[in-house]
Amino acid sequence: MKMISHFVSVVTIILCCSCAPQNGTVESSGRNKYYSRTDTNHLSVSNSEWKEILPHDLYVVAREKATERAFAGKYWKDNPKGFYFCAVCGNKLFKSDAKFASTCGWPSFFEAVRTNSITYQNDTSNNMERTEVLCARCDSHLGHIFNDGPPPSHKRFCMNSISLDFEPEVSGGK
Ligand SMILES: [Zn+2]
């Protein structure tokens, strides 16, 4: 009898283990308590804290203003329908309708989804006169803006893929 009850407990343990949730995804966003696609309040978070939270490759671009290699990011080429959010804080930044095929090797947009979703800053680094584009919610570096884009704005928001999170548009079922 004792053997049987022992056997039952072992089986129970095995069954419980096998039905444990198989998550293990989005480890980094799970650690990022600031990420929200609905909260638009400005964040004041130090770089030392962001360094603890963000994956290293995102941290160096978003917080130390590095630039990812051209033609290497995940969003420079294709243009599925949907929205692009700040990968650091979740702020909605661009719609796929404003994305255009650019030969520069980085995802390019002619306008932001809301004018107040981004801010601009003069950037004279690397002996160049450029305008840096930042996320208005978390002040993370997104890329630069140039005046050689297509109509109607003639602007080109030249963004780092890694600074963006893409969410496909859900097609309304008929
Ligand atoms: Zn942000």
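Below, the figures for the structure above:
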| quantity | calculated |
| --- | --- |
| Ranking of 115, 67 by count of other Cβ atoms within 10 Å, fewest first | 115, 67 |
| Residue among 158, 35, 136 farthest towards the positive dipole end of the stretch 29-168, charges placed on Cβ | 35 |
| Additional length obtainable on full extension of the chain from residue 126 to residue 66, 0.36 nm per residue less Cα span | 20.4 nm |
| Cα principal axis extents for the stretch 29-168, largest first, Å | 38, 37, 28 |
| Vicinal HN-Hα couplings computed from phi for the stretch 150-157 (Karplus, 6.51 cos²θ - 1.76 cosθ + 1.60; Hz; Gly/Pro x) | x, x, x, 8, 6, 9, 10, 7 |
| Sorted by Cβ density within 10 Å, fewest first, the residues 157, 110 | 110, 157 |
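Quick note: the coordinates plus some simple rules give every number you see, no bench work behind them. It should be emphasised that the depicted structure is a prediction, and the values quoted were computed from it without experimental measurement. All Cβ positions, even for glycine, are placed from backbone atoms using ideal geometry, and neighbour counts span all protein chains on display.
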